[in-house]
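*Asks:* Quick one: structure below, then a few questions.
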Amino acid sequence: MGTPATPSPPPGHLRIDGRDVPFEAGETILQAARRAGVYVPHLCWHPDFPPHGSCRLCLVEVDGHARAACTQQAADGQQVVNRSPALDAQRRVLLQMLFVEGNHFCPSCEKSGDCDLQATAYALDLDGPHFEEFYPDRPVDASHPELWLDFNRCILCERCVHASRDVDGKAVFAIGGHGIGTHLLVNSASGRLVDTPISPEDRAVQVCPVGVILKKRVGFAVPIGERRYDLEPIDAPARAPADETGAP
Amino acid sequence: MDSSLPPAAIGTAATAAARPALSAPQGQALATVLRAQSAAPHGLLQILRTLQAHPAFEGWLPPALLARVAEATGLSLAAVRGVASGYRFLHLKPAGRYRILFSDNVTDRHAGSRRLMADLCARLGVRPGAVRDDGLVSVDTASCIGLGDQGPALLVNHAQVVTRLDAARIAAIAERVEAGVPPAAWPAHWSRVDDVVHRAGPLLGGTPAAPGEALMRALALGPAGVIDEVRASGLRGRGGAGFRTALKWTLCREAAGDDRVVVCNADEGEPGTFKDRALLARHADEVVEGMTLAAWAIGARQGFIYLRGEYPFLVPHLEAVLARRRAQGWLGRGIAGRAGFDFDIRLHVGAGAYVCGEESALRESLEGRRGTPRIRPPFPVTHGYRGLPTVVNNVETLCAVTHIVARGAAAWAAMGTPESTGSKIHSVSGDCERPGLYEYPFGTPLARILADCGAKDTQAVQVGGPSGTCLAANGFQRRIAFEDVPTAGALMVFDHSRDMFEVARGFSQFFAHESCGFCTPCRVGTELVVRRMDKLAGGRGSRQDLEELLELDGLMHAATHCGLGYSACHPLRDTVRLFPQAYERRLLSPHFGPAFDLDAELAATRGLSGRDDPGAHLEP
């Protein structure tokens, strides 16, 4: 779903912040940028899944128009503005929105240092939530013997929804509600994770960019300070696409 | 670490397994509905809507039922729950045997809807938004239900409207609810919906095309000839965006595939709009014929009317028109005796989601999913309903097509302006003597419409609904046209007694209520805007809040996934510019101010300590 079905434009070159970036037939701007080692901030996008387009962090200007780099097809000669002060300022507001609508306590979160949201906030020099915190009431689901769900950190990227349905073939997750009440659903009559066929090896468990889907008893096996983004920031030019598994 | 966490607080889900299975009548109801509806994933929304309306379920969808529906459609239970919880008119918890929703558009509020709602709540002993303890009734608000010309109005059990509410009618409703009188047995005149046409043009007046008249001409013209005729008329889409109808049809006709679909977008959700209601009530034949003409032009075999859930009173009428036209040979196989011209139309009823008026969200909803706008491209003209090339046209557009084909393009093109040909119907409501329907050629100055509808002492006009444009006196000479002031058909009048800040605040609440929740800037941004508007309304705002509101407007305009978030701050932006004093007088301090009332926060402590002396309060 959402994959552009119009005939793919032929390969070519576009310019991102003045830099020449080649692209292959059918690639989006974000895909081309990543292959070229150009960091376009993003959260919901994952290389193994069709673009989702919900976080809006990859917003760039394409020939003067605001576009999501994850869904916009690359085309020859496109002039793309990526890391302008204005766009980064907008991204910071989007990040602040994601922080205040949930309950994010980085110092006590076991995903700290492995979290895309936190790492992206550092990469964009976010210095605080700015807006008032919403403090939503989102009970934790610790029913499963090997996994637990902390909905407080969910950013509704739907990576787990796609991975569980399309890769694991289990459809453990879905999205419910609307507006600010939109939330992640677990597929069982009880609504609890223990009553689903999920297992720790599932792709759905690996792809969470934040700390919602976590394995029990390994939370601090790697100490804070030695984790993925502690060692190398998310916007490091050398970060290879293969790094982006979301796996702890 | 996490294994030592306290047992999960799972909420209501933990008890789901303990709930009883379906009763025998419920099981029969389910079987009946599944037989009548397509028991496939794309039938889900109609299945849920029909089940909830069935007497066996008392207006809500119990967990055992959702499980059975999931089984029958092959969907996961979570997917079914996700769809059901995405529509405001579907209920996963009991919502009362009487479910009363007051239309909550700003014009309804101006006409006293909030006061009447409080009155009804007091009479029935129920809190707004809650179900009474005995499960008899709930009273809440809904976004505009399309009766702005005869409001305040309400919707009962998603099945029946009550118009022209006043204190006496509220008292009478309360009595009937307490006595258990079913809504169907309430006085019929309470539910009367009048379509008062104050000024008619070709669509609302004149000689309506006889059923089949345009079709017979279309058969002579051939499909390409029909598109040529529509092109020559200059017709542009009446849903607001003004896309050229002939171009949309051509793109669809040329799209790859053997089958095509025509959808009539009758999800008229823009607050203040009710012109499609009138067209469907009085001119359904022309609308359906317009769909059939589109089918002929593009080569479609199936059609849908996506009717908003707020118009249940139109369902029997539309079904009857469709049945009659089938009997007359204007729908079905071999239309008008032409072998191979097969086209039929199904009615699809929405369930309270404004965003489904956006054509890609409408497609999702037609296919039984949550009303989330899709990534575009591809557009519906190449990948629409179930992947088939699909034309989605507004009710008024399709009605116009029938007139154009029946009477010729020249007459249509001669009306209006070169860029905006033909006529436009306005749903006029608010502070004027004669609310109702007005059809003018495009290019008509706003001042003319205001004079005709008896608007006095007008402060502002919201053209095209909250996602349109707000104009003050210096804009009343502007003309209604795609190249000047475009509109989807709402025209709300506000006189000088109205507080334009409160108007904008009401619209901001509307957008937050209707956000689908998919993208960050709309989901969180609409909520942040409401909080800031509430802060200003509470007299605790500062200049910084105002600046922040404008920054949020800029972000949402640039970054949202669809038009809802893009437009959500238009009323704010317009009213700040046009009526700065409405905001200025609410600013407590020119600098930063806290979002909460410090003294109020101490109320709990004062209660505990039994003190209320000056020393227990902060300095004002």
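The values are calculated or read from the model by the stated rules, or taken from the named source; none is laboratory data. Since the structure is predicted, the reported quantities are computational estimates derived from the model, not experimental observations. Backbone-built Cβ (ideal geometry, glycine too); neighbour counts: all protein chains shown. Calculation scope for accessible area: heavy atoms of the full protein, side chains included, ligands and nucleic acids excluded. Shrake-Rupley method; radii C 1.70, N 1.55, O 1.52, S 1.80 Å.
*Asks:* Given the Cα-Cα distance of B:Ala604 and B:His189 and 0.36 nm per residue of separation, how much length would full extension add, in nm?
*Replies:* Extra length from B:Ala604 to B:His189 when fully extended: 144.4 nm.
*Asks:* Kindly express, to the nearest 10 degrees and within the range 0 to 90, the angle between helix B:113-124's C-alpha long axis and the longest C-alpha principal axis of chain B.
*Replies:* On a 0 to 90 degree scale, this one is about 60.
*Asks:* Now, a different point. Give or take rounding to whole Å, what are the principal axis extents of the alpha carbon atoms in the protein assembly as shown, in descending order?
*Replies:* Largest first, the protein assembly as shown extends 80, 75, 64 Å along its Cα principal axes.
*Asks:* Using Cα atoms only, what is the angle between the long axis of helix B:543-559 and the major principal axis of chain B, expressed in degrees (0 to 90) to the nearest 10?
*Replies:* Roughly 30 degrees between the two axes.
*Asks:* If you don't mind, there's one more thing I want to ask. If amide H atoms are built 1.01 Å from N in the plane of the peptide, which residues on other chains or at least 5 residues away come under 5 Å of the amide H of A:Leu185?
*Replies:* A:Ala174, A:Ile175, A:Gly176
*Asks:* In square angstrom, rounded to the nearest 10, how much accessible surface does B:Glu367 have for a 1.4 Å probe?
*Replies:* 10 Å²
*Asks:* For region B:313-470, what % of the accessible area comes from carbon and sulfur atoms, probe 1.4 Å?
*Replies:* Within region B:313-470, the accessible surface is 55 percent carbon and sulfur.
*Asks:* Still on this structure, please answer the following. If you bin the C-alpha pair distances of chain A every 10 Å from 0, what whole percents do you get?
*Replies:* The calculated distribution, bin by bin, is 7, 30, 36, 21, 6, 0.
*Asks:* First select every other residue whose beta carbon is under 12 angstrom from the beta carbon of B:Val193; then total the charges, Lys and Arg +1, Asp and Glu -1.
*Replies:* So the environment of B:Val193 carries a net charge of 0.
*Asks:* Turning to a different aspect of this structure: Have a look at region A:1-98 and give its Rg and Dmax from the Cα atoms, expressed in angstrom.
*Replies:* Expressed in Å, the Cα Rg and Dmax of region A:1-98 come to 12.7, 38.
*Asks:* May I ask you to rank B:Asp534, A:Asp137, B:Asp553 by accessible area, largest first, using a 1.4 Å probe over the protein chains only?
*Replies:* Accessible-area ranking of B:Asp534, A:Asp137, B:Asp553, largest first: A:Asp137, B:Asp534, B:Asp553.
*Asks:* Okay, moving on. Tell me the accessible surface of B:Thr560 in square angstrom (1.4 angstrom probe, heavy atoms of protein chains only), to the nearest ten.
*Replies:* Counting only protein heavy atoms, B:Thr560 exposes about 20 Å² to solvent.
*Asks:* Once phi is turned into θ = phi - 60°, what whole-Hz ³J(HN,Hα) does the Karplus curve with 6.51, -1.76 and 1.60 give for every residue of region A:216-230, x standing for Gly and Pro?
*Replies:* 3J(HN,Hα) across region A:216-230, in whole Hz: 7, 6, 10, x, 10, 4, 9, x, 4, x, 10, 8, 3, 7, 5.
*Asks:* Under 8 Å for C-alpha pairs, at least 6 residues apart: give me the relative contact order for region B:155-264, rounded to a whole percent.
*Replies:* 14 percent
*Asks:* About the Cα centre of the protein assembly as shown, how large is the charge dipole given +1 on each Lys and Arg Cβ and -1 on each Asp and Glu Cβ? Please answer in debye to the nearest 20.
*Replies:* For the protein assembly as shown, the charge dipole is close to 2060 debye.
*Asks:* Per the 1.4 Å probe, what fraction of the accessible area of region B:93-140, in percent, lies on carbon and sulfur atoms?
*Replies:* Reported share for carbon and sulfur atoms: 47 percent.
*Asks:* For region A:141-196, with only Lys/Arg (+1) and Asp/Glu (-1) charged at the beta-carbon, what is the dipole magnitude about the Cα centre, in debye rounded to 20?
*Replies:* With only Lys, Arg, Asp and Glu charged at Cβ, the dipole is about 100 debye.
*Asks:* Can you pull the Kirkwood radius for region B:129-202, inverse mean 1/r over Cα pairs, to one decimal in Å?
*Replies:* 13.8 Å
*Asks:* Between chains A and B, what is the buried accessible area summed over both chains (1.4 Å probe, protein heavy atoms, nearest 100 Å²)?
*Replies:* 4200 Å²
*Asks:* How high is the relative contact order of chain A, given as a whole-number percent (alpha carbon pairs under 8 Å, six or more residues apart)?
*Replies:* Across chain A, relative contact order equals 19 percent.
*Asks:* For region B:53-59, just list the computed ³J(HN,Hα) in residue order, Karplus coefficients 6.51, -1.76 and 1.60, θ = phi - 60°, integers in Hz, with x standing in for Gly and Pro.
*Replies:* Along region B:53-59, the couplings run 7, 6, x, 5, 10, 6, x Hz.
*Asks:* Over the protein assembly as shown, with the other protein chains present, what is the accessible area per residue in square angstrom, probe 1.4 angstrom?
*Replies:* 38 Å²
*Asks:* Given only helices, namely DSSP H runs of n ≥ 4 each adding -39500 (n - 2.57), what is the per-residue ellipticity at 222 nm of chain B, to the nearest 500 deg cm²/dmol?
*Replies:* -12000 deg cm²/dmol
*Asks:* Please list, in chain and number order, the residues 5+ apart from B:Ser423 or on another chain whose amide H is under 5 Å from its amide H, with Hs placed from the backbone.
*Replies:* B:Phe442
*Asks:* Suppose only helical runs count, i.e. DSSP H with n ≥ 4. What mean residue ellipticity at 222 nm does that imply for chain A under -39500 (n - 2.57) per run, divided by all residues and rounded to the nearest 500 deg cm²/dmol?
*Replies:* -4500 deg cm²/dmol
*Asks:* What are the ³J(HN,Hα) couplings of region B:517-526, residue after residue, when phi is run through the Karplus curve with 6.51, -1.76, 1.60 and θ = phi - 60°? Round to Hz, x for glycine and proline.
*Replies:* Whole-Hz 3J(HN,Hα) from phi for region B:517-526: x, 6, 9, 4, x, 7, 4, 8, x, 4.
*Asks:* Next question, about the same structure. Rank these by accessible area, largest first, 1.4 Å probe: A:Arg217, B:Arg363.
*Replies:* Sorted by accessible area, descending: A:Arg217, B:Arg363.
*Asks:* Expressed as cubic angstrom per residue, what is the convex hull volume of the alpha carbon set of region B:495-540?
*Replies:* 63 Å³
*Asks:* Next up: How much accessible surface area, in Å² rounded to 10, belongs to the heavy atoms of B:Lys93 with a 1.4 Å probe?
*Replies:* Approximately 140 Å² for this residue.
*Asks:* Now a separate question. From the protein chains alone at 1.4 Å, what is the descending order of accessible area for A:Phe220, B:Phe501, largest first?
*Replies:* A:Phe220, B:Phe501
*Asks:* Now for a different question. Along the charge dipole of chain B, which of B:Ile335, B:Ala558, B:Ile173 sits closest to the positive end, that is, farthest toward it, with unit charges on the beta carbon of Lys, Arg, Asp and Glu (+1, +1, -1, -1)?
*Replies:* B:Ile335
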